[in-house]
Amino acid sequence: MFLRRILFRLLQAIPTLAGVAVLVFVLVRVVPGDPVAMMIPPGADDAVVLRLHALYGLDKPVWNQFTIWAGQALTGNFGVSITTRQNVTGLIFSRLPATLELVFLAATIAVAVGGALAVMGTRFSGRGGEVAVDAVTGFVLSVPDFLWGLGFIVLFGVLLPVLPISGRSDPTRALGLATDFTLTESFLRLRWGITADVLAHMAMPAVALALPLAAMIARVLKASLAEQMGQDYALLSRVKGFSRWHVILAEALRNAAIPTVSLTGVQLTFLVGGTVLIEKIFSYPGIGSLAIDAVINRDLPLIQGLILTFAAIFILINLALDLSYAALDPRLRHG
Amino acid sequence: MNLTRRGLVASGLTLAAANRLIPLRAARAEGDTVTIAYHVGLPAWDPTVGPSAVNPTIQSIYQSVFDQYIGQNPDLSFTGGLLEKWGWNDAGTGIWMDVRQGAVWHDGSPVTPDDVVWSLTRAGDPKGGNPIQFVWGNLSNFKVEGHRVTADAKQYDPALFKWMAFLTGYVLPKAYFEKVGPEGFEKKPIGSGPYMVDAFERNAFLRLKANPHYWGGEPAIETVVFKFVTDASARVAEIESGSSDVTLEIPYEEYDRLKKKSGLKGVTTPVSDIGMIFITNVDPVMLDANVRHAMVKSVDKKLLVDKLLRGYGVPIDTLEAPEYEAYDPSIKTPYDPKGAAKLMAASGYSKDKPAKFTIQTTRGFKPKDYEMIQAIVGMWRHVGIDASIEVYEIAKHFELRAAHKLAPAAFYNWGNAIGDPTTSTGFAMFSHSPHSAWHSDDVDALINPLWGERDEAKRIAGWKAVDRYVADHALVLPLLQYVQQIVHKAGLNVVPHISGALQPQRFTRA
């Protein structure tokens, strides 16, 4: 049943991705900006321009370009990037780990901080603690992630230069790792020096990404917890003599988690989108900064590949979200 | 697969054990290191094909790793590269080039005349993807005699050897390239330049090591790191925090602030990059010479430089900057708002009944570009010109320019690192060039004989005459020459290059 559901959701993703592919292919050709015009050198004449169009296959009708591209894409080949002359699939897979690790770290921070604030706010409901939590989350929500990023650069990069400002690792250090999952691999291989270095580089972008989500989680979870704490089972537990901490953490939290998980899932997709700006600010080499370069350079094959990747990530997040509902709520698991 | 806690721990321990068995390649880089917070990333390594090959902003990196056929000094004068001597034969039908002896590739193999022939042949192949193929395709029938290479030329090109110091004018290693192929070359590029590639992480950093066997002498700085920091505020933070030793392309205000800070220094130079406004003769209003002259006369370029660019610019009156070969200081288009208003009145325009057209500009592509156009539009308003600003991206500009569909006025910055008039006035004003905006037979008639002119003095005089004609008829509005600012740590000497290329091989310790 469980596997069938996964399979069904994956099959549903195919027409979605196909639709995205068609839409993106057409859109990137409709918006202004000819990639060949970007590389016309001084001294070129019309013949050179035509030759360059032919070289990149841009002289063919759009439908013809699409059939060629779609045929290759079905075999996993998304073409060659115009600017980097690298295979698009390879290029994206070499950069995806950096973004996935950043998103994972940011989401972990957001859940931990947001959850802790919600629990604190519930525990000290009606007192100064709740007011403080509400004030903090309100302030954090009112500042966009990129502004947090710039603020962190000034504070922790310049005034208190304790954290590196840009990149993913110290460029003077030879990493010698087998994969591009630098944080994960260095951690599993007990290369603590590299792990610490990578974490230091990820700290500011991850926290900048995490803060707005943490505040959102704190608000929704606190509201859910407040509702649960008013339920009969919670009151009964209190009457039985269990402490407020115990009721919140051991009984109410699990029930309150479902709407929070739903919100977190939706916000995770925004978190992935938010990496584009944050990666640019921190010169973090993930698919977000790759996307900006691709758009600036009108690198059509790369733009198409990246948008499909983002779409696939969103679909997978939604799938994981659905599965997590089932894990949290037995009623959904058993129909 | 069931992932249990015990299984996870076991996997971790296995990986940890494996880690002990795998020899660590990691080693902290040692020695003298200079880190540059660089404003653009490096998309691709082959400096002769694709869009990167004609991207002026990454030539600094290419010039660190690869040698050009002919080199260029910081003042734009030419010097030996992998060619020691060069020239045209007496008849102007072919060229000769003496290849430098003693130069070696980064893998230790010698640079040979075959490498030069192969590089030029590849560059001239129409299917090879070299954007400047139309220049290199002029050469054929290469012959090697000792260290001399000769070739036939389809036509005399006075700028041919200058192109050898310009975009795509790099010599690549024939044997290595054929062995590893284009993809292998992208993964592990080698050249014969002053620095060797040690590590490269796309969009993150490039680490270079000094080439101890460089024919021009080993560079003073052992390790150079280009950190790709594309956000200007992050570059400011990099240099201010001490994380980087050198940076460039930062806001003028930040440059003025940083250069006064203890431990930092600033160095500036005018560069071969000018700001200009194309005038396109597609709109009837631009066919009125009075309007064009009024557009030129009513712009106070000195004010723009002083107030908007904080003095980091040089007002210009032609498309030739003072360092270019065909620069003629006697050509002047003085600021004269009263004269401009009279010209507009003569054509029936006034503040109340202004001439209307659109001016296109980028916003943030060059420092203060949009603000500069706003100021110019304000100046024009006083003489009876009501221009509406349209902001577009640079990709759109290129597309419109190539299609001759730019608005009547369009802001652009034009680079010309070799300082030759063909690559400034020539391609900007010749109607058959996709880069020109003003298309007219009279200008073409002046330019046409100059493409193949063999008498250099006559050629330069001819281009000066074209510049005078263009200024006299107000066919373009040259604004200013940009000034590059570089901030660096006080313990470093940085020599700026008028081409704008930041060359770490010229760095020394103070």
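Observations, loosely collected:
- Only one entry of B:505, B:481 meets the criterion of being within 27 Å of residue B:59 (Cβ to Cβ), within 22 Å of the chain's Cα centre (by Cα), in a helix (DSSP H, G or I) and modelled with pLDDT of 95 or more, and that entry is B:505.
- Hits in segment B:123-147 (condition: acidic (Asp, Glu) and more than 13 Å from every other protein chain (Cβ to nearest Cβ)): B:145
- Which listed residue, of B:169, B:263, is more than 8 Å from every other protein chain (Cβ to nearest Cβ), over 24 Å from the mean Cα position of the chain (by Cα) and in contact (Cβ under 8 Å) with a residue 12 or more places away in the chain: B:263
- Residue in segment A:308-316 that is within 14 Å of chain B (Cβ to nearest Cβ), closer than 22 Å to residue A:27 by Cβ and outside any loop (DSSP other than H, G, I, E, B) present: no
- Across segment B:353-365, the number of residues qualifying as at pLDDT below 95 and not polar (S, T, N, Q) comes to 3.
- Qualifying residue in segment B:371-393 (condition: within 21 Å of residue B:308 (Cβ to Cβ) and within 22 Å of the chain's Cα centre (by Cα)): yes
- Of the helices (runs of 4 or more DSSP H) contained entirely in segment A:24-127, those carrying at least 3 residues that are more than 14 Å from every other protein chain (Cβ to nearest Cβ) and in contact with a helix residue (DSSP H, G or I) (Cβ under 8 Å, 6 or more places away or on another chain) fall at A:62-73, A:88-123.
- Within segment B:370-391, the set of residues being buried (at least 20 other Cβ atoms within 10 Å of the Cβ) and closer than 27 Å to residue B:57 by Cα comprises B:372, B:373.
- Among residues of segment B:34-46 that are under 16 Å from residue B:236 (Cα atoms) and within 9 Å of another protein chain (Cβ to nearest Cβ), those with a beta-carbon under 7 Å from a residue that is of a type in the set (D, E, K, R) and assigned to a strand (DSSP E or B) at least six positions away or on a different chain give the pairs B:35/B:227; B:37/B:227.
- Leading residue by the ranking (nearest to the other protein chains (Cβ to nearest Cβ)) among those in segment A:269-307 that are closer than 20 Å to residue A:69 by Cβ and surrounded by fewer than 20 Cβ atoms within 10 Å (Cβ to Cβ): A:295
- Residue check for residue A:244: among the basic types (Lys, Arg), at pLDDT below 90 and surrounded by 17 or more Cβ atoms within 10 Å (Cβ to Cβ): no
- Of all positions in segment B:95-106, none carries a residue that is within 25 Å of the chain's Cα centre (by Cα), more than 14 Å from chain A (Cβ to nearest Cβ) and of a type in the set (A, V, I, L, M).
- For segment A:130-189, the set of residues classified as of a type in the set (Asp, Glu) and either facing chain B (nearest Cβ under 7 Å) or outside any helix (DSSP H, G or I) (or both) consists of A:170, A:180, listed by residue number.
- Selection status of residue B:436, surrounded by fewer than 20 Cβ atoms within 10 Å (Cβ to Cβ), modelled with pLDDT under 95, under 25 Å from the mean Cα position of the chain (by Cα) and within 22 Å of residue B:296 (Cβ to Cβ): no
- Scanning segment B:401-419 for residues that are within 19 Å of the chain's Cα centre (by Cα) and either modelled with pLDDT of 95 or more or more than 12 Å from chain A (Cβ to nearest Cβ) (or both) yields B:411, B:412, B:413, B:419.
- One residue stands out in segment B:484-497 among those that are hydrophobic (A, V, I, L, M, F, W, C) and more than 21 Å from the chain's Cα centre (by Cα): the one that is surrounded by the most Cβ atoms within 10 Å (Cβ to Cβ), namely B:492.
- In segment B:108-119, the count of residues that are within 11 Å of another protein chain (Cβ to nearest Cβ), part of a loop (DSSP other than H, G, I, E, B) and crowded, with 21+ Cβ neighbours inside 10 Å is zero.
- Remark: residue B:341 matches the filter, which requires a residue to be surrounded by fewer than 21 Cβ atoms within 10 Å (Cβ to Cβ) and in contact with a Gly (Cβ under 8 Å, 6 or more places away or on another chain).
- Tallying residues that are assigned to a helix (DSSP H, G or I) and crowded, with 19+ Cβ neighbours inside 10 Å within segment B:123-151 yields 5.
- Selected residue [of a type outside the set (Val, Ile, Thr) and crowded, with 24+ Cβ neighbours inside 10 Å] from A:206, A:226, A:200, A:234: A:206
- Whether a residue is closer than 27 Å to residue A:46 by Cβ and of a type in the set (Ser, Thr, Tyr) was assessed, and residue B:508 does not pass this test.
- Applying a threshold of 6 Å to beta carbon distances and a minimum spacing of six or more residues, or different chains, the list of pairs starting in segment B:221-237 at a residue that is under 12 Å from residue A:166 (Cα atoms) and facing another protein chain (nearest Cβ under 7 Å) and ending at one that is among the hydrophobic types (A, V, I, L, M, F, W, C) and surrounded by 22 or more Cβ atoms within 10 Å (Cβ to Cβ) reads B:227/B:37; B:227/B:205; B:229/B:37; B:231/A:281; B:234/A:165; B:237/A:153; B:237/A:165.
- Taking the listed residues B:254, B:325, the one that is touching a helix residue (DSSP H, G or I) at 6+ places or on another chain (Cβ under 7 Å), part of a loop (DSSP other than H, G, I, E, B) and not small (Gly, Ala, Ser) is B:325, with no other qualifying.
The rows are residues; the columns are (1) under 24 Å from residue B:78 (Cα atoms); (2) modelled with pLDDT of 95 or more.
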| residue | (1), (2) |
| --- | --- |
| B:97 | yes, yes |
| B:100 | yes, yes |
| B:105 | yes, yes |
| B:126 | no, no |
| B:148 | yes, yes |
| B:157 | yes, no |
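- Just one of the listed residues (B:128, B:124) is more than 15 Å from residue B:62 (Cβ to Cβ), touching a helix residue (DSSP H, G or I) at 6+ places or on another chain (Cβ under 6 Å) and either touching a residue at least 40 places away in the same chain (Cβ under 8 Å) or of a type in the set (Ser, Thr, Tyr) (or both), namely B:128.
- Wholly enclosed helices (runs of 4 or more DSSP H) of segment B:379-449 bearing at least 2 residues under 29 Å from residue B:348 (Cβ atoms): B:441-447
- Qualifying positions in segment B:23-33 - at pLDDT 90 or above and either outside any loop (DSSP other than H, G, I, E, B) or within 11 Å of another protein chain (Cβ to nearest Cβ) (or both): B:33
Yes or no, residue by residue, for (1) touching a residue at least 12 places away in the same chain (Cβ under 8 Å); (2) basic (Lys, Arg):
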position: B:460; (1), (2): yes, no
position: B:463; (1), (2): yes, no
position: B:469; (1), (2): yes, no
position: B:472; (1), (2): no, no
position: B:476; (1), (2): yes, no
position: B:479; (1), (2): yes, no
position: B:486; (1), (2): yes, no
position: B:506; (1), (2): yes, yes
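The values are calculated or read from the model by the stated rules, or taken from the named source; none is laboratory data. Since this is a predicted model, take the numbers as computed values, not measurements. Backbone-built Cβ (ideal geometry, glycine too); neighbour counts: all protein chains shown.
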